[in-house]
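The values are calculated or read from the model by the stated rules, or taken from the named source; none is laboratory data. All values reported here derive from a predicted model rather than from experimental measurement. When we count neighbours, we look across all protein chains shown, and the Cβ atoms used for this are built from the backbone with ideal geometry, even at glycine. All accessible areas refer to the heavy atoms of the entire protein, side chains included, with ligands and DNA or RNA removed. Shrake-Rupley method; radii C 1.70, N 1.55, O 1.52, S 1.80 Å.
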Amino acid sequence: MARTTPRRWKRWLIVGAAAALVGAGGPYVYINYIQDGPAAALSLESPPAAPESTSGSGDQAGQSVEGSWRVGNGSQAGYRVDEVLFGQNTTAVGRTDQVTGELEIEGTRAVSGTFTVDLASVRSDSDQRDSQFRGRVMNTERYPSATFELTEPVDFGSVPDVNEQVTGEATGNLTVHGETNPVTFDLNAQRTAGGFRANGSIPITFADYGIDAPNFGGITVEDEGTVEFLLAFTPA
């Protein structure tokens, strides 16, 4: 029988230790060494989900943007929430490009507007999480969408040039899971060649919307999260 060398014994010890690590600390290995990190938060620096439509737009830098606008191609919305997965901290992000809405602008103010997100189309990096999201968490069969409606004008102070960014404070009603609550958050806008983009992040507490934070099968979700959006507006 061939004699096992010390080098071979050392190699088998390393393999055995690695196998034990995967068996005992699989979630740690997956989260820290295999899984990609969570997607960056949506911002005006984020690339659009699809090319923006510029048809029908004749606006140039410095000209008025008064009138009616609609949410178009390149828009995204979704959620971001912290999870504990078998003792390991991670962040879950789900998004969709199925967003609709409109906005009315007078002078430098957005005076009315609304946008709606198709929740059944939201996807993360986990089919299991998505199934739970559509079922026991959000019940998208009964509550298929989430909606934000502006209740106070947003004054941006000036009409920006192309690529220039401005900021205002948005106040409105957020409806999720059949429950409506008032919310206020910073709204960032950027002029583009064919329209403009708007970005914001709305903190939510799940209990305020009748949502039970999902805790099952070794997964614990925090009681709070955020709704993120990046909207591309084109002339209505």
Which trypsin sites (Lys or Arg not before Pro) does segment 105-207 hold that lie in a coil by DSSP with at most 12 other beta carbons within 10 Å? ARG142
Select from segment 127-236 those chymotrypsin sites (Phe, Trp or Tyr not before Pro) which occupy a DSSP coil region and have at most 16 other Cβ atoms within 10 Å, ordered by residue number. none
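With +1 assigned to the C-beta of every Lys and Arg and -1 to the C-beta of every Asp and Glu, and no other charges, what is the dipole magnitude of segment 106-203 about the Cα centre in debye, to the nearest 20?
300 debye
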Which whole-number value in Å² is the accessible area per residue of segment 84-213, probe 1.4 Å? 49 Å²
Heavy-atom accessible area of VAL159, protein chains in place, probe 1.4 angstrom, given in Å² to nearest 10, is 50 Å²
Going 7 Å from the Cα of GLU179 in the Cα-to-Cβ direction, what parts of segment 185-211 have a backbone nitrogen less than 12 Å from that spot? 204-211
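Calculate, for SER158 and ALA39, the FRET efficiency according to 1/(1 + (r/R0)^6) with r their C-beta to C-beta distance and R0 25 Å; round to the nearest 0.05. Provide the component values of the computation, followed by the final result.
Details: r = 32 Å, r/R0 = 1.27.
Efficiency at R0 = 25 Å is approximately 0.20.
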ASP130: net charge of surrounding residues, Cβ under 13 Å, Lys/Arg +1, Asp/Glu -1, itself excluded? +3
Label GLU224 and PHE86 with points 7 Å out from Cα along Cα→Cβ: what is the distance between them in nm? 3.0 nm
Estimated distance in nm for a label pair at ALA193 and SER64, the labels positioned 7 Å out from Cα along Cα-to-Cβ: 2.6 nm
Could you look at segment 78-236 and say what percent of its accessible area is carbon and sulfur, using a 1.4 Å probe and all protein chains? 43 percent
